[in-house]
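Notes to accompany the following structure.
Values quoted throughout were computed directly from the atomic coordinates according to the rules given, and no laboratory measurement underlies them. Bear in mind that the values here come from a model prediction, so they are computed numbers and not experimental data. Here the Cβ is made from the backbone with ideal geometry for all residues, glycine too, and neighbour counts use every protein chain on show.
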Amino acid sequence: MYRYDRYDQAIVDARVEEFRDQVARRIAGEMTDDQFKPLRLKNGLYLQLHAYMLRVAIPYGTINAKQLRVLAHIARKYDRGYGHFTTRQNMQFNWIRLEDAPEILAELAKVEMHAIQTSGESIRNISADQFAGAAADEVCDPRPWAELIRQYTTFHPEFSYLPRKFKIGLTASDNDRAAIKLHDVGLQVRRDEKGEFGFRVLVGGGMGRTPFVAHLIRDFLPAGSICSYLEAILRVWNRHGRRDNIHKQRIKILVHDLGPEEFARQVEEEWQAIQHLGDDMPLKEYERIAAYFTPPRFEQGLSDDLDLSDPRFAAWVERNVDAHKQPGYAIATISLKAIGGIPGDVSADQIDLLADLAEQYSFDDLRPTHAQNVVLPHVRKADLYAIWQKLDAAGLATANLDLISDIIACPGLDYCSLANTRSIPLAQKLAERFADPARQLDIGELKLKISGCINACGHHHAGHIGVLGVDRKGTENFQLLFGGSGAEDASLGKIIGPGFSEDGVVDAIERAVEKYRAIRTDGERFLDTYRRVGSDPFKEAIYG
Amino acid sequence: MKLLTGNHLVNGYVIWWTGEGWSRHVEQAVDVADKGEQIAQVEAAACRVNNPYVIDAEASANGPVPAHIKERIRATGPTVRPDLALKPADASAGSYVI
Amino acid sequence: MVEVAVPMSLRFRADEPADEPAVSLDAFLDQPNAFSVRIEGGDDVRRLAPALDRLKLVEIDFPRFRDGRGYSSARILREMGYRGELKAVGDVLVDQLLFMRRCGFDSFGPNQTIDLDVAAKALGEYDYVYQQAADGRVPVWKLRHG
């Protein structure tokens with residue numbers, strides 16, 4: 001993975017000192033909360049329900065053992081013994097004290113980590129395919145581009161006070177594991193007929209109050225122009241994005257209001273004006289970064305055989321292990337969705353275990369996913385059993401990847417001041433209702449996503465089944481959506497009908513699942529059946 | 001009744017106005033009637049509270065009970081981690097949340 | 001909009017300030033002798049292209065510090081070759097000064113006092129920058145490769 005040089009380190013260190021000063025000035029009363037808030041948000045520090053919350057960046061979802069151990073240390077020393085993996089591949093700590101924040105950032109800086117631009121109206125962490133560098137279906141590892149773009153967008157002065165947050169997603173595969181079509185800018189690395197690298201550029205996706213699937217605005221952008229092109233996109237939005245209504249300020253609204261063709265035209269026009277200015281990083285810089293992402297030293301000639309005589313191990317392999325491009329290797333997803341647990345939460349001890357496993361078995365490489373799980377991208381098949389045993393002992397071996405109990409849930413009203421409802425108890429009830437492994441396997445792939453409010457941090461619009469928490473006259477109420485997808489076939493879920501109580505929505509989902517089982521054809525997932533038959537059969541089953 | 005609440009600037013704790021100062025315990029919160037905004041401004045300017053605001057609550061035998069579930073959760077702690085609640089040893093402390 | 005008396009001024013230019021009050025963009029374009037213009041958030045600074053030669057002062061207003069349109073306006077002006085005074089006025093706080101300097105602002109008329117010691121510290125905080133901008137600072141990628 002990328003290693004800071006002295007420039008990267010100096011920049012992060014300077015940021016720590018700058019924030020230390022800003023915190024001191026705030027505590028001394030030299031700044032109001034209104035003045036301080038954007039500054040602390042630029043360092044990932046929210047004021048949440050119970051305390052300050054710190055969102056640490058895990059750039060494009062890649063982290064090593066040393067960094068993980070520091071996260072575990074922060075959890076123990078400054079927080080309450082655990083962290084939370086988010087739907088943008090970052091980690092959150094829920095019980096932070098403002099006075100500790102500068103010291104936490106200093107400790108993070110020592111292991112090349114930070115919380116820069118993880119919240120506020122900033123260019124946020126770039127999310128990327130968690131199988132980068134391991135999957136056979138990518139044209140290249142997208143992460144060097146993610147790192148290049150990360151540097152380009154860090155403290156970009158022109159875009160320091162954007163209308164709203166800005167999220168970039170990156171993949172290098174036609175199989176979109178990074179949900180790029182639901183990002184403000186989605187980038188797919190591709191090659192043209194001559195074999196040159198470039199990007200398919202999509203703009204204007206996003207969930208929340210007004211969800212949209214991103215529009216294609218450029219089918220092939222030469223890779224070396226990505227910085228200037230992003231600059232053009234950001235500038236058009238910075239200048240023309242709405243600033244009068246916080247719910248209408250994302251770039252997706254501008255793209256929608258102008259229409260994608262006009263938006264693309266304005267971007268092209270701006271890009272023509274700035275291309276000659278030399279803002280793009282040269283190929284040499286890309287190559288310097290890419291040198292950190294060369295394939296690990298895989299052993300050659302390893303066997304692909306696996307002893308699957310242990311049925312519980314076999315079940316885990318069946319669900320959680322994916323094919324690796326290198327013979328004898330595999331990609332292992334560790335589910336952080338134990339039945340009855342809290343989706344995405346990991347104790348400090350579990351973080352240490354993940355560090356050990358990454359270091360010992362996966363070339364010191366771990367990948368949080370936007371589904372709140374983590375991936376060991378490069379494991380020898382021969383090591384899978386030993387890994388599984390260690391996971392099993394730590395309660396991390398749930399064999400439910402992409403099954404109904406692999407639920408994405410935002411922290412919800414238990415933690416978040418924006419929420420209308422709690423999400424975690426609902427996730428727990430649902431997981432318990434469908435706990436039977438055989439039943440889950442029979443249902444098959446079903447991506448269930450829960451958001452406690454319209455801000456959609458649980459990505460409910462992208463769920464095959466989505467749940468949205470709403471406030472109904474002071475009580476928690478839940479709306480049910482069907483038919484969303486964050487993959488390359490991106491679609492937005494549709495509300496099925498009137499909302500439910502917490503127990504009511506569990507029952508409703510069960511009725512929908514049973515209906516699916518009754519009418520599905522061979523090989524159809526829930527999503528496929530829904531797309532084939534529409535809402536009516538499900539409405540009938542749910543509401544009678 | 002009306003309660004004034006906010007977070008402690010430095011440590012982030014949820015705090016409630018007691019009439020004389022700030023407490024972590026909602027049982028000690030007083031009815032601020034229509035003085036909430038005024039007190040909030042003074043206290044925020046003195047950096048004794050961050051982001052203060054007024055909420056509705058009902059009186060009860062055990063002290064004020066916030067009207068909205070969000071505020072009840074703020075008063076007691078995350079419902080899914082009773083071990084992290086303000087009073088983890090008191091099993092009944094959060095019984096009024098839901 | 002009532003002009004608040006500016007309590008202070010920060011200026012990073014050696015020449016004399018323009019001594020003509022800044023007029024609106026429309027007025028400026030209508031007055032061939034004017035040399036000071038005031039840009040509001042929604043104005044298109046590219047309309048100044050034909051008048052760059054006579055322009056001595058561009059004030060860009062920040063009605064709220066969170067409204068970042070002025071940063072783009074400033075940078076566009078510098079990209080067009082404007083070398084006169086570029087002044088950020090309005091809700092300008094010390095923590096924005098560095099980004100504003102990088103976008104080409106060389107003077108400031110904040111509507112609240114800025115502590116000059118804090119300002120000096122803020123402006124000198126970073127030895128290195130990742131991007132090229134309007135201040136001529138060499139970005140890190142250039143330092144790496146010469």
*Would you mind giving the mean number of other chain beta-carbons within 10 Å of the Cβ of each residue in C:55-65, as a whole number?*
1
*Could you state the principal axis extents of the C-alpha atoms in the range A:408-543, from the largest down, to the nearest angstrom?*
44, 30, 26
*When you look at the Cβ of every residue in A:27-40, what mean number of other chain Cβ atoms sits within 10 Å?*
4
*Would you mind putting A:47-54, A:204-211, C:29-36 in packing order, based on average other-beta-carbon counts within 10 Å, highest first?*
A:47-54, A:204-211, C:29-36
*Quick one: compute a quarter of the convex hull surface over the Cα atoms of the range A:334-445 and quote it in nm².*
7.6
*How compact and how long is the range B:2-84, expressed as Rg and Dmax of its alpha-carbon atoms in Å?*
12.2, 36
*Based on the mean of other Cβ atoms within 10 Å per residue, sort peptides C:50-57, A:70-77 so the most packed one is first.*
A:70-77, C:50-57
*asked:* What number do you get for the range C:27-85 when its Cα radius of gyration is normalised by 2.2 N^0.38 Å, N = residues?
replied: 1.06
_Looking only at Cβ-Cβ distances, which cysteines of chain A have no other cysteine closer than 4.7 Å?_
A:CYS140, A:CYS227, A:CYS416, A:CYS453
*Which residues make up the longest stretch of chain A clear of GluC sites (Glu not before Pro) that lie in a DSSP loop with no more than 12 other Cβ atoms within 10 Å, not counting the sites?*
A:300-544
_For the range A:228-330, alpha-carbon Rg relative to the globular expectation (2.2 N^0.38 Å, N residues)_ = 1.88
*Using the count of nearby Cβ atoms within 10 Å as a rough guide to exposure, how do A:HIS378, A:HIS183 rank from fewest to most?*
A:HIS378, A:HIS183
*Using bins 10 angstrom wide from zero, how does P(r) for the range A:134-290 break down, in % of all Cα pairs?*
11, 42, 37, 10, 1
*asked:* Give me log10 I(q)/I(0) at q = 0.22, 0.24, 0.29, 0.30 Å⁻¹ for the range B:2-44, Debye formula, one equal scatterer per alpha-carbon, no solvent.
replied: -0.65, -0.77, -1.08, -1.13
*asked:* Once R0 is set to 51 Å, what does the formula 1/(1 + (r/R0)^6) return for the Cβ-Cβ distance between A:THR475 and A:ASP356, expressed as a FRET efficiency to the nearest 0.05?
replied: 0.70
_Net charge over other residues, Cβ less than 11 angstrom from the Cβ of A:LEU481 (K, R count +1; D, E count -1)_ = +2
_Give me the Å³ per residue figure for the convex hull around the C-alpha atoms of the range A:6-110._
107
_Alpha carbon Rg of the range A:122-192, scaled by the compact-globule rule 2.2 N^0.38 Å_ = 1.14
_DSSP bridge pairs, the range A:68-215: antiparallel proportion in percent, nearest 5_ = 65
*Within the set A:LYS66/C:LYS142; A:LYS449/B:LYS70; A:LYS447/B:LYS87, which residue pairs have Cα atoms separated by over 26 Å?*
A:LYS66/C:LYS142; A:LYS447/B:LYS87
*So what's the net charge close to B:ALA40: Lys and Arg +1, Asp and Glu -1, counting the other residues with Cβ under 13 Å from its Cβ?*
-1
_Beta bridge orientation in chain C: antiparallel %, DSSP, nearest 5_ = 10
_Report the Cα-based extents of chain C along its three principal axes, largest first, to the nearest Å._
48, 34, 29
*What length, rounded to one decimal in nm, is gained on full extension from A:ALA136 through to A:VAL111, with 0.36 nm per residue of separation minus their alpha-carbon distance?*
5.9 nm
_Show log10 I(q)/I(0) for the range A:311-393 at q = 0.22 Å⁻¹, two decimals, from a solvent-free Debye sum over equal Cα scatterers._
-1.12
*Can you work out D for chain A in µm² s⁻¹ from Stokes-Einstein, where Rh is the Kirkwood radius over C-alpha pairs, the temperature is 10 °C and the viscosity is 1.306 mPa s?*
67
